[in-house]
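Working notes, beginning with the structure itself.
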Amino acid sequence: MKYYKVVTKCGHVGRKRYIPITFAINAESGKEASKVARALPRVKHNRKFAIISCEEIMYDEYLEIKRFNNNDPYLKCKNIQQQNLIDLSDRICVDDEFCIPPYNKEERKYRVELKKKKEREYLKSLEVDVYGYCCK
């Protein structure tokens, strides 16, 4: 068995936000360590990029990460009331996965009209009327 340091995106801190937490995992491979880390509580399970990084470490660093996580107040809290008592503002990051620029309504309207026009032209080229009967 090898020791891995897996940095994950942990949740319950607001929409489109996360806290990066490093977990020490004992596994056969990095892929297996990532799979184990994704299944841990507080990790964002449904995110495509929930695992930030995974690297092999030595046993002393493994123990150090375990000791740090045992003293982390965020990982110890059991409910939202306990979490609100902790100041997490310096640890919260904005998730870049959801930073989609707003769209222009006029541009979208133009694209939809263009798509409808192409569809009408395609149907005309098939010579099919509205009810699906052949016009030939």
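For this structure, a couple of remarks:
- With every protein chain in place, the chain: carbon and sulfur % of accessible area (1.4 Å): 54
- Listed residues 11, 57, 110: farthest to the positive end of the dipole of the chain (Cβ charges): 110
- Neighbourhood charge, 13 Å Cβ-Cβ cut-off, centred on residue 56 and excluding it, Lys, Arg +1 and Asp, Glu -1: -1
- Here the translational diffusion coefficient of the chain follows from Stokes-Einstein with Rh set to the Kirkwood radius across Cα pairs; for 25 °C and 0.890 mPa s it amounts to 129 µm²/s.
- Across 28, 121, 56, mean-square fluctuation computed from a Gaussian network of the chain (C-alpha pairs under 10 Å connected) peaks at 121.
- Residue-count net charge about residue 85 - beta-carbon cut-off 13 Å; Lys, Arg +1, Asp, Glu -1: +1
- For the residue pairs 48/109; 9/109; 16/76; 44/66, the C-alpha atoms sit more than 28 angstrom apart in 48/109; 9/109.
- Net charge of neighbours whose Cβ lies under 15 Å from the Cβ of residue 105, counting Lys and Arg as +1 and Asp and Glu as -1: 0
The values are calculated or read from the model by the stated rules, or taken from the named source; none is laboratory data. Please read all numbers here as calculations on a predicted model, not as lab measurements. Cβ atoms come from the backbone with ideal geometry, glycine included; neighbour counts cover every protein chain shown. These area figures cover heavy atoms from the full protein model, side chains too; ligands, DNA and RNA do not enter into them. Shrake-Rupley method; radii C 1.70, N 1.55, O 1.52, S 1.80 Å.
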